[in-house]
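In what follows, a structure is listed as structure tokens, so that the remarks can point back to it.
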Amino acid sequence: MKNLKRPMTYLVIVCLALLCALNYQIFVFPNRFAPAGLNGICTMIQHISGISVGYLSLLINLPLALVAWRRVGTSLASRSMTYVVAFSLALIALGRMDLSAFAYETANGTSKILGPLVAGIINGACYSLLIRCSASSGGTDFVAALIHKNHPEQSFFWITFTLNACVAVSSYFVYDFQIEPVILCILYCFMSSVVSDTLMKNGRSAVRCEIVTTSGEDISREIIRKLRHTATLVPGKGMYLGQETDLLICVLNKGQLPLLSEIIAAYPNTFAVLSPVSEVLGNFKRLDAHGNLKKELFDKGDGGIA
């Protein structure tokens, strides 16, 4: 199974590229707006000149991929370029087919907002899976990665946001000086970001638990046995009564909170303070409910798994 992870990862990348190409043909192009990133620029050039986004995407991404290959990493560049090539070829092939029966557009423009919203949902879902495959969609991701590599103090998010904002503003001048394409681009970007962020965090939402108790050793053993997590015990003192106490600190998944509540309820004079965790850094093992290492589907490109 381990030997199949890498080819399966590349197969998933190709399938995602095909889905995104179909997404462009059905929801993006018929509604006359530019999506985010360099593909948005290619879409505007296609609108003006008629040259397919497929050809333009290859032309722009090939030199960016070569630079990223040398300066960022071979794995990211090769996987991202696999996506770009598959996406471009699929766009070229689909552009020669009659998909008018499936394309979403309205004759009088009503409900035009639905096209960008659905396109953003599909793109966000695909992007989250690309990240799990240790790949990207190329374009602005390449540019942002190169800028962040040379200037690590610059936020990757804000670099990407700035590039996408430039695309949105430019679309005003390309689509007959109308504000609607700008709004549709913003909606597309927003929906794509929300969906990808939600899916990437799904199942990984964590909570920091600070448990104040006089039974620190007993509760920590139950946390280890029942939740497959450990805890850090810090000696403390309750200042109201001056009583010696324990402070247990642990990070759990949100789905484990009901079981933690059952554990705490069995001990008197015990309570917990919870706070959301945005990120946890470190080299941790991911275990399932039985304490075994979780088996993942995708290869990270460095001999590990994502």
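The values are calculated or read from the model by the stated rules, or taken from the named source; none is laboratory data. As the structure is a computational prediction, the values presented were derived from the model and not from experiment. Cβ sites come from the backbone with ideal geometry, for glycine too, and all protein chains shown count toward neighbours.
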Using the structure shown, decide if Ser170 is at pLDDT 90 or above and surrounded by fewer than 18 Cβ atoms within 10 Å (Cβ to Cβ). yes
Tabulated pairs, region 33-45, first free of Cβ contacts under 8 Å to residues at least 24 places away in the same chain and hydroxyl-bearing (Ser, Thr, Tyr), second surrounded by 24 or more Cβ atoms within 10 Å (Cβ to Cβ) and not in a helix (DSSP H, G or I), C-beta under 7 angstrom, 6+ apart or interchain: Thr43/Ala34; Thr43/Pro35
Evaluate the following for Ile305: is it out of contact with any Gly (no Cβ under 8 Å at 6 or more places or on another chain), at pLDDT 90 or above and aliphatic (A, V, I, L, M)? no
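Looking at the structure I just gave you, is Ala65 hydrophobic (A, V, I, L, M, F, W, C), assigned to a helix (DSSP H, G or I), assigned by TED's automatic domain parsing to the domain that holds Ile131 and within 20 Å of Ile131 (Cβ to Cβ)?
Details: hydrophobic (A, V, I, L, M, F, W, C): yes; assigned to a helix (DSSP H, G or I): yes; assigned by TED's automatic domain parsing to the domain that holds Ile131: yes; within 20 Å of Ile131 (Cβ to Cβ): yes.
When the stated conditions are applied, Ala65 passes them.
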Please find, among Arg32, Arg6, the residue that is assigned by TED's automatic domain parsing to the domain that holds Lys112, basic (Lys, Arg) and over 23 Å from Leu114 (Cβ atoms). Arg6
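With the structure loaded, tell me whether Gly124 is in a helix (DSSP H, G or I), in contact with an Asp or Glu (Cβ under 9 Å, 6 or more places away or on another chain) and surrounded by 20 or more Cβ atoms within 10 Å (Cβ to Cβ) or whether it fails that test. Before you say what the answer is, go through the steps one by one.
Values: in a helix (DSSP H, G or I): yes; in contact with an Asp or Glu (Cβ under 9 Å, 6 or more places away or on another chain): yes; surrounded by 20 or more Cβ atoms within 10 Å (Cβ to Cβ): yes.
Yes.
For region 30-62, which residues satisfy the criterion of being outside any helix (DSSP H, G or I) and crowded, with 18+ Cβ neighbours inside 10 Å? Give the steps one after another, and end with the answer.
So in region 30-62, the residues outside any helix (DSSP H, G or I) come out as 32-36, 50-52.
Matches in region 30-62: Arg32, Phe33, Ala34, Pro35, Ala36, Ser52.
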What is the one condition in (1) buried (at least 18 other Cβ atoms within 10 Å of the Cβ); (2) on the phi > 0 side of the Ramachandran plot; (3) among the small types (Gly, Ala, Ser) that Ser111 does not satisfy? (1)
Residues of region 224-243 that turn out to be farther than 16 Å from Val273 by Cα, of a type outside the set (Lys, Arg) and touching a strand residue (DSSP E or B) at 6+ places or on another chain (Cβ under 6 Å), as a count: 1
Quick one: what pairs do we get from region 145-174, first residue in the same structural domain as Leu38 (by TED's automatic domain parsing), second of a type in the set (Ser, Thr, Tyr) and modelled with pLDDT under 80, C-beta under 9 Å, 6+ apart or different chains? His148/Ser155; Ile159/Thr140; Thr160/Thr140; Phe161/Ser155; Leu163/Thr140; Asn164/Thr140; Val167/Thr140
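Going by the structure shown, is Thr214 at negative phi, surrounded by 14 or more Cβ atoms within 10 Å (Cβ to Cβ), touching an Asp or Glu at 6+ places or on another chain (Cβ under 8 Å) and at pLDDT below 90? It would help to see each step written out before you state the result.
On the way: at negative phi: yes; surrounded by 14 or more Cβ atoms within 10 Å (Cβ to Cβ): yes; touching an Asp or Glu at 6+ places or on another chain (Cβ under 8 Å): yes; at pLDDT below 90: no.
Criteria not met by Thr214.
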Going residue by residue through region 136-144, is there one that turns out to be modelled with pLDDT under 90 and touching a Lys or Arg at 6+ places or on another chain (Cβ under 6 Å)? no
